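Structure record follows, encoded as structure tokens.
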Amino acid sequence: MTPRQLLSPQARAALFDPPTEVRAIVRHYTFSIEDLALIRQRRRNANRFGFAVHLAYLRFPGRVLGPSETPPAHLLAFIADQLRIDLKAFGDYAQRDETRREHLAELQAYLGVRPFGRQDYRTMARIASNESIGTDRGDAIVGAMVVHLRQQSILLPSAAVLEKIALAARARARKQAYKALTAGVDQAVREKLDALIQVADGETRTAFAWLREWPEAPVQKNLAAIVERLQLLRTLGIGPDREQRIHRARYAAIARETAILSAQHLHRFEPTAACHLGGLCPRDGSRGDRCRAYDVRQNDGCGVP
């Protein structure tokens, strides 16, 4: 079974692969006098070339070049030009695994870096959890871990390792956000919220759908319909502090998700009250946000500014 991926191919390449922009290549991969002296201690051109490529990868993006991985052509050309070695020499490098391992061990000592280990998982989980409080974006969550590892001179593990940590952290952040949103909501309020997604006797749609379908044009004849909906929302007993309980971006994400869901879809969520709290007042520029055209201020409606 293919493991679940959090990053797009473009995001994964930006975090884990060498840059392709010329200025970035020059900045990251121009060897110093000390670098060149160390490289030239190898006996054969192929070993010099391979040793230099390992040095480049360990320095940035900060990971080990895979045994069967082929570096980008533009990177090889830049390194070959500095070493004055034919590009074809790289194809003869490290026919012995032992040579490769020896080179990596020497370079890690030279750069003062170490491999990612089991002792780093807890730190990565903490960083991912902190980042997930305010975002669902995989590149931001994984990127925060990558930045920390580079600052601490720890080599990057595979993208799959950090993605797995990020997925777990994001799931925990979502669960904690829903829990915070519904904390203190008593059973009476929950029943009122659940009633919003039920079709009452004699009605053809839910109150939830009715609330969302207010007239949008900011004209006087529509104000009565807006006021009627606000009055219903006030009877729910939801205080104005709900949004402040979780990160603003997390609240906006919940609002965006629930704004496109029907009452039938909301039935599947647990707890449904949390979905209602986000879905009643979306903040993403959709219909819910356009209630500001009517000069609806903070503490009106469901208590969300």
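The values are calculated or read from the model by the stated rules, or taken from the named source; none is laboratory data. All of these numbers come straight from a predicted model, not from anything done at the bench. A quick note on method: Cβ atoms are made from the backbone with ideal geometry, for glycine too, and the neighbour counts reach across all protein chains shown.
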Check on Ala56, under 27 Å from Ala140 (Cβ atoms), within 30 Å of the chain's Cα centre (by Cα), surrounded by fewer than 18 Cβ atoms within 10 Å (Cβ to Cβ) and among the hydrophobic types (A, V, I, L, M, F, W, C): no
Test set (1) surrounded by 20 or more Cβ atoms within 10 Å (Cβ to Cβ); (2) under 18 Å from the mean Cα position of the chain (by Cα); (3) closer than 27 Å to Arg248 by Cβ - Leu149 fails condition number: (3)
Which listed residue, of Ala105, Ala171, Ala109, Ala166, is surrounded by 18 or more Cβ atoms within 10 Å (Cβ to Cβ) and either on the phi < 0 side of the Ramachandran plot or in contact with an Asp or Glu (Cβ under 9 Å, 6 or more places away or on another chain) (or both): Ala166
Positions within the range 138-166 being out of contact with any helix residue (DSSP H, G or I) (no Cβ under 9 Å at 6 or more places or on another chain) and under 28 Å from Lys179 (Cβ atoms), in sequence order: Lys164
Residue satisfying all of: in the range 233-248; crowded, with 18+ Cβ neighbours inside 10 Å and assigned to a loop (DSSP other than H, G, I, E, B); modelled with the highest pLDDT among these: Ile246
Within the range 18-30, considering residues that are surrounded by fewer than 18 Cβ atoms within 10 Å (Cβ to Cβ) and not basic (Lys, Arg), the one nearest to Pro61 (Cα to Cα): His28
Test: Leu87 is out of contact with any Phe, Trp or Tyr (no Cβ under 6 Å at 6 or more places or on another chain), among the aliphatic types (A, V, I, L, M) and under 24 Å from Pro157 (Cβ atoms): no
Single unsatisfied condition, Glu163 versus (1) within 30 Å of Ala140 (Cβ to Cβ); (2) free of Cβ contacts under 8 Å to residues at least 60 places away in the same chain; (3) not hydrophobic (A, V, I, L, M, F, W, C): (2)
Filtered residues of the range 90-108 (kept if among the small types (Gly, Ala, Ser) and either under 24 Å from Met145 (Cβ atoms) or modelled with pLDDT under 95 (or both)): Gly91, Ala94
Check on Ile254, in contact (Cβ under 8 Å) with a residue 60 or more places away in the chain, part of a loop (DSSP other than H, G, I, E, B) and within 30 Å of Glu131 (Cα to Cα): no
Test: Gln198 is more than 31 Å from the chain's Cα centre (by Cα) and either of a type outside the set (A, V, I, L, M, F, W, C) or at pLDDT 85 or above (or both): yes
Among (1) part of a helix (DSSP H, G or I); (2) modelled with pLDDT under 95; (3) not small (Gly, Ala, Ser), the one test that His28 misses: (2)
Any hit, the range 35-47, residues being free of Cβ contacts under 8 Å to residues at least 40 places away in the same chain and in a helix (DSSP H, G or I): yes
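For (1) modelled with pLDDT under 95; (2) over 34 Å from the mean Cα position of the chain (by Cα); (3) surrounded by 12 or more Cβ atoms within 10 Å (Cβ to Cβ), each residue gets a yes or a no:
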| site | (1), (2), (3) |
| --- | --- |
| Gln10 | no, no, no |
| Leu36 | no, yes, yes |
| Gly62 | no, no, yes |
| Glu69 | yes, no, no |
